[in-house]
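These notes concern the structure reproduced below.
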Amino acid sequence: MTSDDLSPDQPPQSLPQPLPMATAIRSHVFDTVRLAVPVMFSRAGLLLLTLVDTMMVGRFGAQDLAYLSLGIGPQLVLMLVAIGVLQGGIVLTAQAYGAGEYKSCGDIWRVSLAHAAVLGLIFAGISMFGGTLTRALGIEEDLARGAGAVAVQFAWGMPGMLLYIACGYLLEGIRRPKVGMVITLSANLVNVALNIPFIYGWGHVIPAMGATGAVGVTSFIRWMLFVVILAYVIFVLDREKYGIHMEVRDLLTDKARTLGRRIRRLGAPMGISQAVESSAMAGLIFMAGNMGAVATASHQVTMNVVQFFYMVAIGMGAAASVRVGFAVGGHDLHSVRLSGWTAVGLLASIMIPTALVIVSLPVAIASVFTSDPGVLEIAKVSVVIGGLLITFNGTMNVLMGSLRGTGDVWVPMGIQSFSFWVVAVPLAAYFGFGSGFGGGVGGEPGFLHVAGMGQNAGAPGLIFGLFMGVLVACLLLGLRFWYVASRPISRR
């Protein structure tokens, strides 16, 4: 597993002489793909845990699918905030590796683990009150009760997930991305096997638990992911070269405190960015929740389609972040620009054909998740809009990753905040509940009513509002990367 992972024990190229443009582009395409593909599958493996839960719970019933959507929505906000903070670690690791400072990678990893443990425990405690939050937002009692039970099952797996992420960022930062890919894809096989008895029941031994059973299994899997990847880091990596050891006293040194401040300085705006995006998504879930269980289930199906293909962007964005970080560490501004724009071009070449397939086959794709006719009736429109969304959503993520690699984090956070909360959420509310698009409350029939959606038109309107916000974010982030990559960049 280690010998072919991008030659990890070889120092990165510093490009002492400029390469011809065509050669340089081919080199960046090749290196970006080699890094992006395993990261993409690794991230897809993590999302696939939730995606499989959604598919299997959807077969159990639309009501439990609504419980799942409302129960994990707010908790995912907290988890993604913590993951955003931890991204400061991968930026520092990539820059240290690019500068040949290999022992610093282990120092960064230890401090990242400490941050993951603390954030995991705090956010798990908050997640235990998911049912109370759901009731406070006006969701009907049955949905709130089911969502609360799901939130409790989600909570205890959160620390394990964040500890796994901290280890995964170390391996990606030192160009060993295939490890996470193998671990997460293998974990999905276990998840499917355990979901069957815990969702649907197993005779008189295990009662049918629906959504709560699925999420409980996933929390167990998340802890197992951490145990396996930690064993790899400790027993397989060159511990001397990368400074890998687990002595607690090393977390109390001035160097550790300095690294902690650097991780938080880079990670805090990334965490805020994740909070901005994921809380907006959670807001849309609760809007759908106020439209009823069928609309909520349809919204969950559509977002799972979007998020599954978003894993391509996650992989490409992570590759862009690491590749740009290497270039910053090597003081190579030309490679900073090429790394970022190459990743954007590669993303577009994959997502545009994928979007055409989704737009052409919305009902067939939605049928993978549910057979409920009411959910499918709404999804036949919302999945089409989701197909249009994925290319721009992916481009936004790749541009964020490229800017993250340069250490530019606050301005992109501001752009994302504006795009989601000033553009996407208000437009989603208007198109979902207003008369201009969805026609959910009074007024003349909107476009979606004319398309045959009737009273359920509001759910696709939520996705359309999200699409408009993401489009604005793409344009502004593209301009920001062009500006940042045109000027000298120093390590943060």
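Answer yes if at least one residue in region 248-265 is more than 30 Å from THR93 (Cβ to Cβ) and under 27 Å from the mean Cα position of the chain (by Cα), and no otherwise.
no
Please indicate, with yes or no, whether at least one residue in region 117-136 is in a helix (DSSP H, G or I), in contact with a helix residue (DSSP H, G or I) (Cβ under 8 Å, 6 or more places away or on another chain), more than 30 Å from THR296 (Cα to Cα) and in contact (Cβ under 8 Å) with a residue 40 or more places away in the chain. For region 117-136, residues in a helix (DSSP H, G or I), in contact with a helix residue (DSSP H, G or I) (Cβ under 8 Å, 6 or more places away or on another chain), more than 30 Å from THR296 (Cα to Cα) and in contact (Cβ under 8 Å) with a residue 40 or more places away in the chain: present.
This table checks each residue for (1) buried (at least 21 other Cβ atoms within 10 Å of the Cβ); (2) more than 21 Å from VAL81 (Cα to Cα); (3) touching a helix residue (DSSP H, G or I) at 6+ places or on another chain (Cβ under 7 Å).
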position: MET158; (1), (2), (3): yes, no, yes
position: GLU172; (1), (2), (3): yes, no, yes
position: PRO177; (1), (2), (3): yes, yes, yes
position: LEU189; (1), (2), (3): no, yes, no
position: VAL192; (1), (2), (3): no, yes, yes
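Residue-level analysis places VAL192 outside the set of residues that are closer than 22 Å to LEU162 by Cβ and touching a residue at least 24 places away in the same chain (Cβ under 8 Å). Filtered by the rule that a residue be surrounded by fewer than 24 Cβ atoms within 10 Å (Cβ to Cβ) and more than 11 Å from ALA473 (Cβ to Cβ), region 388-405 gives LEU388, THR391. Out of VAL150, VAL182, one residue alone is in contact (Cβ under 8 Å) with a residue 40 or more places away in the chain and surrounded by fewer than 24 Cβ atoms within 10 Å (Cβ to Cβ). It is VAL182. Select from region 310-338 the residues that are buried (at least 24 other Cβ atoms within 10 Å of the Cβ) and of a type in the set (Phe, Trp, Tyr) and list them in ascending order. Matches in region 310-338: PHE326 only.
Okay, residues lined up against (1) at pLDDT below 85; (2) out of contact with any strand residue (DSSP E or B) (no Cβ under 7 Å at 6 or more places or on another chain); (3) within 28 Å of ALA364 (Cα to Cα):
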site	(1), (2), (3)
LEU389	no, yes, yes
GLY439	yes, yes, yes
LEU466	no, yes, yes
VAL472	no, yes, no
GLY478	no, yes, no
ALA485	no, yes, no
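Annotation note: Cβ proximity below 7 Å between a residue of region 56-69 that is crowded, with 24+ Cβ neighbours inside 10 Å and a residue that is of a type in the set (Asp, Glu) (sequence gap 6+ or interchain) occurs for VAL57/ASP64; LEU68/ASP53. A single member of VAL85, VAL81 is closer than 30 Å to GLY292 by Cβ and under 20 Å from the mean Cα position of the chain (by Cα), and it is VAL81.
Checking THR296, THR258 one by one, the residue that is surrounded by fewer than 23 Cβ atoms within 10 Å (Cβ to Cβ) and among the hydroxyl-bearing types (Ser, Thr, Tyr) is THR258 and no other.
Which residues, counting only those in region 40-77, are β-branched (Val, Ile, Thr) and within 20 Å of the chain's Cα centre (by Cα)?
If the condition is that a residue be β-branched (Val, Ile, Thr) and within 20 Å of the chain's Cα centre (by Cα), then THR50, VAL52, THR54, ILE72, VAL77 are the ones that fit.
Could you check region 361-383 and list, in sequence order, the residues that are in a helix (DSSP H, G or I), surrounded by fewer than 24 Cβ atoms within 10 Å (Cβ to Cβ) and among the β-branched types (Val, Ile, Thr)? Of everything in region 361-383, those that are in a helix (DSSP H, G or I), surrounded by fewer than 24 Cβ atoms within 10 Å (Cβ to Cβ) and among the β-branched types (Val, Ile, Thr) turn out to be VAL363, ILE365.
Determine whether region 167-177 contains at least one residue that is over 17 Å from the mean Cα position of the chain (by Cα), of a type in the set (D, E, K, R) and either assigned to a loop (DSSP other than H, G, I, E, B) or more than 25 Å from TYR102 (Cβ to Cβ) (or both). Checked region 167-177: at least one residue is over 17 Å from the mean Cα position of the chain (by Cα), of a type in the set (D, E, K, R) and either assigned to a loop (DSSP other than H, G, I, E, B) or more than 25 Å from TYR102 (Cβ to Cβ) (or both).
In summary, GLY61 fulfils each of the numbered conditions (1) out of contact with any helix residue (DSSP H, G or I) (no Cβ under 8 Å at 6 or more places or on another chain); (2) under 22 Å from ALA295 (Cα atoms); (3) at pLDDT below 80 with the single exception of condition (3).
If you take just the helices (runs of 4 or more DSSP H) that sit entirely in region 229-341, which of them hold at least 1 residues that are free of Cβ contacts under 8 Å to residues at least 24 places away in the same chain?
On the way: elements: 239-242, 254-289, 293-329.
In region 229-341, 239-242, 254-289 are the helices (runs of 4 or more DSSP H) which contain 1 or more residues that are free of Cβ contacts under 8 Å to residues at least 24 places away in the same chain.
The values are calculated or read from the model by the stated rules, or taken from the named source; none is laboratory data. Because the structure is a prediction, the values reported are computed rather than measured. Methodologically, a virtual Cβ is constructed for each residue, glycine included, from the backbone with ideal geometry; neighbour enumeration extends over all protein chains shown.
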